[in-house]
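Contents: one structure, followed by commentary.
What follows is calculated from the coordinates using simple rules that are stated; it is not laboratory data. As the structure is a prediction and not an experimental result, all values here were calculated from the model. In this analysis, Cβ positions are derived from the backbone assuming ideal geometry, glycine residues included, and neighbour counts consider all displayed protein chains.
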Amino acid sequence: MVFQQRVGIAILVALVSLTLTLGDASQPVMAQEVAVVDDITATQGKSGSGGKSEAAQTESTVGAGQAEFDDAVIKRIDADTPEELAAVTTLLESALAKGLNEENKSFAEKMLASVLVQRSQHLVALMQRVRGRRMLQIRDEALEFLRKATKSDESIVEAYLMIAQLNLLPEGNRDEMTEATSKAIELLTDEPVQQSRAYVLRAVAQEDDDKKMADLNSAIDADSTNIEALQARAGLRMQNDDVDGAMADLEKILAIDPGNQVVAQAAVQQLLDAERVDDAVDLISKTLEAKPSEGMYRMRAILYRMQGKEDEAFADLNKALAMQPKDPISLLQRAEIALSRGDIRAAKRDLKSAMGIAPQIADAEQTIVVRVLIAVEEGRMADAINDMKTLVDRDPTSTVRQLQLANLYLRDDRPRQAIETLSAVLDRDPKNASVLRSRADALLSVGEHADAVADYERAAKVADEDSVELPGILNNLAWVLATSPNDELRDGERAVKYGKRAAELTEFKEAHILSTLAAGYAENGEFEKAIEWSSKAVELGEKDVELGEEAESVQIQQLKEELESYRNNKPWREKQEVEENKVPILSPEDLIDT
């Protein structure tokens with residue numbers, strides 16, 4: 001009876017082991033193992049019949065591999081290290097090769113599959129600690145274990161899912177991934193939540209958008225709360241320009257998980273990529289209705305600023321700061337709005353608070369931008385220029401930053417430094433209309449009108465017809481052609497041509513552009529038309545002054561002087577030469593603290 005007791009213990013141990021590793025899969029095994037016990041008992045009762053020895057008859061009943069099978073079952077209960085699991089694998093493979101009865105064979109195959117999955121899990125854990133080619137080598141080893149597991153037990157879902165996941169890595173096999181997920185989907189018919197996840201995994205492997213969409217639809221049909229499936233379908237819909245469908249999916253996600261800022265932020269970014277700022281604002285608003293959060297208020301404030309809604313942005317930033325007073329990003333955003341309102345004191349207060357909360361943001365780009373704006377408002381141009389140089393040095397390829405630096409040079413009466421900066425940009429990007437226009441403006445400041453005209457002409461050729469830059473380019477070109485003191489450069493007919501086009505593009509609503517058209521007619525000697533358009537320019541300018549636009553208030557006096565000149569049959573002349581500011585700009589390191 002010793003042998004019989006040993007087999008019974010082994011079966012109980014194996015049952016516990018499978019319960020831990022295969023979950024519900026252990027239930028059918030129990031019936032098998034009870035049957036095995038019964039068979040062994042029956043075998044013991046018939047020992048000696050037919051003239052065979054007890055050992056020989058037992059071997060013929062249970063199989064030649066029974067001893068190794070029993071040993072494997074005993075070792076399995078404590079096996080955890082790769083070495084211990086490898087030993088169990090060897091015993092089970094040997095037992096199966098030598099032969100077991102049908103019930104023990106089925107049991108051994110399931111156990112072998114479980115052990116192989118566990119060995120692959122050890123390798124996956126090891127992959128987290130390595131990189132490059134070694135990681136892929138370990139991945140391949142894990143895949144071999146998993147393939148053997150599915151051959152040993154075709155119903156082991158975990159192995160199929162792991163095969164699919166490992167093939168997501170570089171050099172993965174899409175066909176194997178599709179095959180594995182398809183098998184998992186078949187096996188998970190009675191587990192819709194897990195099946196839904198398998199559908200999402202197969203969708204990743206699909207290269208055809210229709211097949212990918214079909215899998216995602218099936219995933220959502222199986223589990224309507226699968227956020228990963230909804231998010232993936234929203235992304236695919238967005239990619240296929242079905243923005244409304246994507247929005248519907250994103251709203252479902254946020255209905256399931258209103259506080260999911262990661263999803264909301266990803267959705268907002270997708271909408272911004274599609275240039276649907278209004279929809280992005282609506283999405284954030286719905287998120288905030290479900291669950292207010294400082295992050296969402298701050299994000300909506302940024303979008304409001306993109307829409308030019310500074311008041312709404314300011315209100316949202318106040319809400320964000322009420323919820324999280326120590327948020328340096330919201331403070332810097334609010335400082336920028338304060339500067340746009342001319343409230344330097346409030347801007348400086350917010351900047352100081354942000355710096356006090358997080359001193360490390362002193363070198364952050366947004367902090368430097370706020371410092372630049374404050375310095376400009378306070379007339380500290382050297383400080384503004386030094387800070388902008390820092391930003392340019394960080395990214396020498398940024399055209400925007402170099403344009404900003406050039407504009408600061410111009411504001412500080414340093415047109416030649418502006419020209420040098422802009423020329424460097426044009427060396428890289430010779431067809432940039434904005435930069436060509438800015439350099440032309442700078443060239444006018446130093447009296448180099450011919451070079452300015454050349455830049456304006458190049459800019460006009462490369463600017464898009466619907467570009468916001470085009471009216472200004474045409475206007476400035478027409479102005480130089482009409483008013484330059486250089487007799488050889490002036491061309492009244494071209495000045496009228498470009499002036500008319502600029503006026504048409506701005507619907508005849510810009511005083512300074514109507515002034516340019518008048519100057520062109522005056523250069524042609526058509527003073528009646530010059531007086532007509534100059535009068536309209538003065539009228540528009542006076543309306544702007546009534547509306548409180550300070551810039552127009554400064555220009556109105558010159559508009560009136562131009563009109564008086566045309567009434568006296570005299571064309572207008574303007575040299576526009578600026579005396580270069582030669583005071584050196586000291587870097588912060590060169591300044592002496594007195």
With charges only on Cβ, +1 for K and R and -1 for D and E, what is the dipole size of the chain about its Cα centre, in debye, rounded to 20? 1140 debye
How big is D for region 495-543, in µm² s⁻¹ as a whole number, if Stokes-Einstein is applied with the Kirkwood radius of its Cα pairs at 37 °C and 0.692 mPa s? 322 µm²/s
Report the net charge of residues surrounding VAL496, where surrounding means a beta-carbon distance below 14 angstrom and charges are Lys +1, Arg +1, Asp -1, Glu -1. -1
In region 118-209, the trypsin sites (Lys or Arg not before Pro) that sit in a DSSP loop and have at most 10 other Cβ atoms within 10 Å of their own Cβ are ARG129, ARG131
Compute the distance from the alpha-carbon center of region 492-528 to that of region 354-380, in whole Å. 42 Å
J(HN,Hα) series, region 439-447, from Karplus relation 6.51 cos²θ - 1.76 cosθ + 1.60, nearest Hz, glycine and proline x: 5, 4, 4, 5, 5, 4, 5, 9, x
To the nearest 0.05, how large is the calculated FRET efficiency for ALA125 and ARG349 if R₀ is 56 Å and r is the Cβ-Cβ distance? 0.60
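Add -39500 (n - 2.57) for each DSSP H run of 4 or more in the chain, then divide by its residues: what number comes out at 222 nm, to the nearest 500 deg cm²/dmol?
-24500 deg cm²/dmol
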As I understand it, the value is the acute angle between the Cα axis of helix 527-546 and the longest principal axis of the Cα atoms of the chain; what does it come to in degrees, rounded to 10? 60 degrees
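Provide the net charge surrounding TYR160, with neighbours chosen by a C-beta distance below 11 Å and charges set as Lys +1, Arg +1, Asp -1, Glu -1.
Summing Lys and Arg as +1 and Asp and Glu as -1 gives -3.
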ASN581 long-range amide H proximity, modeled H, under 5 Å: ARG414
Can you tell me, using C-alpha contacts under 8 Å and at least 6 residues apart, the relative contact order of region 392-511 as a whole percent? 16 percent
Rounded to two decimal places and with Rh computed the Kirkwood way over Cα pairs, what is Rg over Rh for the chain? 1.24
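How large is the convex hull of the Cα atoms of region 94-176 per residue, expressed in Å³ as a whole number?
Here the figure is 91 Å³ per residue.
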Taking the convex hull of the Cα atoms, report for region 55-200 its projected area averaged over all directions, in nm². 9.8 nm²
Rounded to 10°, Cα long-axis angle of helix 277-290 versus longest principal axis of the chain: 50 degrees
Using only Cα atoms, find the angle between the long axis of helix 209-222 and the longest principal axis of the chain, and express it within 0 to 90 degrees, rounded to the nearest 10. 60 degrees
Given a Förster distance of 30 Å, the FRET efficiency implied by the Cβ-Cβ spacing of VAL583 and MET323, rounded to the nearest 0.05, works out to 0.05
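For region 173-231, what is the convex hull volume of its Cα atoms per residue in Å³? Mind showing how you got there, number by number?
On the way: hull volume 3.8 nm³, N = 59.
Per-residue hull volume (Cα only) is 64 Å³.
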Expressed in angstrom and rounded, the centroid-to-centroid distance over alpha carbons for region 283-307 and region 123-199 is 40 Å
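Give the calculated FRET efficiency between SER182 and ASN240 to the nearest 0.05, with a Förster radius of 30 Å applied to their Cβ-Cβ distance. All intermediate terms of the calculation are to be shown ahead of the outcome.
Details: r = 24 Å, r/R0 = 0.81.
Efficiency computed from Cβ-Cβ geometry: 0.80.
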Three semi-axes of the equivalent ellipsoid, region 395-444, Cα gyration tensor, whole Å, largest first: 16, 12, 8
What is the sum of charges around ALA375, taking Lys and Arg as +1, Asp and Glu as -1, for the other residues whose C-beta is under 12 Å from the C-beta of ALA375? -1
Could you tell me whether region 434-519 comes out rounded, prolate or oblate from its Cα gyration tensor? Rule is a ≥ b ≥ c as square roots of the eigenvalues, rounded for a/c under 1.5, then prolate if a/b exceeds b/c, otherwise oblate. oblate
